[in-house]
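The values are calculated or read from the model by the stated rules, or taken from the named source; none is laboratory data. Because the structure is predicted, anything quoted here is derived from the model rather than measured. We place every Cβ from the backbone using ideal geometry, glycine too, and count neighbours over all the protein chains shown.
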Amino acid sequence: MSFSFQSIGRLARVAALAMIASISSFPAMAQETRLFVDDMGHEVEIPVDPQRIVSLRGEQITAPLLELGAALVGSSGRVDPGVNDGRPYVRGAYDALGFRFENSDIAWVGDPNEYDLEAIALAEPDLIVLSEGGVDSYEQLSLIAPSVVIAGWEEDLLARYRKIADVAGKLDVYEELLEDWTVRFAGAQAVIAETIGDPASVSVGVIEPRAESIRGFRTYDALTQIIHELGFSMPQAVAELEDARIDISPELVHQFDADFMISTYWPANGTTVQSIYELWDAAVPLWRQELHAVRNNQYFMVHREEMRAVSFAALRSVLNILVSQIATRGFVPLDAE
């Protein structure tokens, strides 16, 4: 059987490829299925034990699926000149999990913001998992395989992770990883209780300079997940936010001052440690003297991709950084000056 793709539209090509996939993988049609209601309200019949999953969001979906050992056959991935020699890579999983397309049997199916529908169909998935950012392609994707949207970027990271594990039929693996994480986290809490006492007495601000503003984060992936769960406080201007973040004029930067301040850097998009310093210098020329955390050497940076992935690996990395940088050293409290 063959098809000529020259005279049919893109949607028809995808449908044709989906038909080829269904013919070539007929046993998958006999899979046991169950009803799953995704975060957009779609009622989807998905395999109980999916064997050919395509993920369309790297750090939010592919990373946890990789960590769970799910049956991935395709994933979206970015292409940035400064990463992986310009070859496709999965954001978050590249750094936090060491994943490389070229060392796996997982196919690259396009950019997370511009899927290659034909590549997805050719991967012959029995399940497609995407974020809310891809809902415009939902109907097309559903022609290829049952498609599930995982949303809730503002939701608790572990709650999102559990949903992904449920969809992938890997709740048992998730529970094992969670049990190990619980033990590690309790150990960190014990260190903080011994060295600091009440963690709420220590304020930690996740703050980043921009070209014409200063951004404060209430929620920012694994970094703020751990800050909140350990019980550290945040600057009041951030803690009272309903949204995930806020941008303020550089003249108001003192609203973000804290015992400790953290920024992130990501060389893939040109945001290096040095460029962060330069942004600070431009926005708040006397920031090293004016901000308590910086003045007392209580400001540090975290590689963004080490905390970006929805994964226990990212959580462990951030936990280790926060304990070492905050709980195992002397520091000058903000209210001591």
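Just checking, how many residues over the stretch 81-96 are touching a residue at least 60 places away in the same chain (Cβ under 8 Å) and crowded, with 18+ Cβ neighbours inside 10 Å? Before the answer, list the steps.
Of all residues in the stretch 81-96, those touching a residue at least 60 places away in the same chain (Cβ under 8 Å) come to 82-83, 91-96.
When the remaining residues are screened for being crowded, with 18+ Cβ neighbours inside 10 Å, the result is 83, 91-96.
So the answer is 7.
Quick one: in the stretch 191-228, which of the residues that are among the β-branched types (Val, Ile, Thr) and part of a loop (DSSP other than H, G, I, E, B) is nearest to THR271 (Cα to Cα)?
First, the residues of the stretch 191-228 that are among the β-branched types (Val, Ile, Thr): 191-192, 195-196, 202, 204, 206-207, 214, 219, 224, 226-227.
Okay, now just the ones that are also part of a loop (DSSP other than H, G, I, E, B), so 196, 202, 219.
Numbers: ILE196: 33, VAL202: 28, THR219: 20 Å.
Among them, the one singled out is THR219.
Give the stretch 292-337 a look and list any residue that's outside any loop (DSSP other than H, G, I, E, B), of a type in the set (D, E, K, R) and more than 24 Å from TYR94 (Cα to Cα), or say none.
Of the stretch 292-337, the ones outside any loop (DSSP other than H, G, I, E, B) are 292-295, 299-308, 312-327, 334-336.
Next, from what is left, pick out any that are of a type in the set (D, E, K, R): 295, 304-306, 308, 316, 335.
Result: ARG295, ASP335.
Which residues, counting only those in the stretch 219-245, are closer than 15 Å to MET261 by Cβ and either touching a His at 6+ places or on another chain (Cβ under 9 Å) or β-branched (Val, Ile, Thr) (or both)?
Hits for the stretch 219-245 are THR224, ILE227, MET234, VAL238.
For every residue, the table says whether it meets (1) under 17 Å from the mean Cα position of the chain (by Cα); (2) at pLDDT 95 or above; (3) closer than 24 Å to SER317 by Cα.
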| position | (1), (2), (3) |
| --- | --- |
| GLY69 | no, yes, yes |
| LEU72 | no, yes, no |
| ARG78 | yes, no, yes |
| GLY82 | no, no, yes |
| GLY86 | no, no, no |
| ASP95 | yes, no, yes |
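Taking into account only those residues within the stretch 257-272 that are modelled with pLDDT of 95 or more and among the hydrophobic types (A, V, I, L, M, F, W, C), which is surrounded by the most Cβ atoms within 10 Å (Cβ to Cβ)?
Here the answer is ILE262.
Considering only residues that are more than 15 Å from ALA63 (Cα to Cα), out of contact with any strand residue (DSSP E or B) (no Cβ under 8 Å at 6 or more places or on another chain) and without any contact (Cβ under 8 Å) to a residue 40 or more places away in the chain, which ones fall in the stretch 97-128?
GLU102, ASN103, GLY110, ASN113, GLU114
May I ask you to verify whether PHE99 is of a type in the set (Phe, Trp, Tyr), modelled with pLDDT under 85 and either part of a loop (DSSP other than H, G, I, E, B) or buried (at least 23 other Cβ atoms within 10 Å of the Cβ) (or both)? Working first, answer last.
Working: of a type in the set (Phe, Trp, Tyr): yes; modelled with pLDDT under 85: no; either part of a loop (DSSP other than H, G, I, E, B) or buried (at least 23 other Cβ atoms within 10 Å of the Cβ) (or both): yes.
Considered against the rule, which asks whether it is of a type in the set (Phe, Trp, Tyr), modelled with pLDDT under 85 and either part of a loop (DSSP other than H, G, I, E, B) or buried (at least 23 other Cβ atoms within 10 Å of the Cβ) (or both), PHE99 comes out as no.
Within the stretch 60-68, is even one residue surrounded by fewer than 24 Cβ atoms within 10 Å (Cβ to Cβ), assigned to a helix (DSSP H, G or I), in contact (Cβ under 8 Å) with a residue 40 or more places away in the chain and among the aliphatic types (A, V, I, L, M)? I'd like the intermediate steps shown before the answer.
First, pick out the residues of the stretch 60-68 that are surrounded by fewer than 24 Cβ atoms within 10 Å (Cβ to Cβ): 68.
Narrowing the set further to residues that are assigned to a helix (DSSP H, G or I) leaves 68.
Pick out the ones that are also in contact (Cβ under 8 Å) with a residue 40 or more places away in the chain and you get 68.
Keeping just the survivors that are among the aliphatic types (A, V, I, L, M) gives 68.
Checked against the condition, which is being surrounded by fewer than 24 Cβ atoms within 10 Å (Cβ to Cβ), assigned to a helix (DSSP H, G or I), in contact (Cβ under 8 Å) with a residue 40 or more places away in the chain and among the aliphatic types (A, V, I, L, M), the stretch 60-68 yields at least one hit.
Which pairs turn up if I take residues in the stretch 294-312 that are under 19 Å from LEU65 (Cβ atoms) and look for partners that are surrounded by fewer than 24 Cβ atoms within 10 Å (Cβ to Cβ) and of a type in the set (Lys, Arg) with beta carbon separation below 8 Å, at least 6 apart in sequence or on another chain?
VAL310/ARG160
Does ILE276 satisfy the criteria of being over 21 Å from ALA188 (Cβ atoms), among the hydrophobic types (A, V, I, L, M, F, W, C), part of a helix (DSSP H, G or I) and modelled with pLDDT of 95 or more?
Details: over 21 Å from ALA188 (Cβ atoms): yes; among the hydrophobic types (A, V, I, L, M, F, W, C): yes; part of a helix (DSSP H, G or I): yes; modelled with pLDDT of 95 or more: yes.
Here the answer is yes, as ILE276 does meet what is asked.
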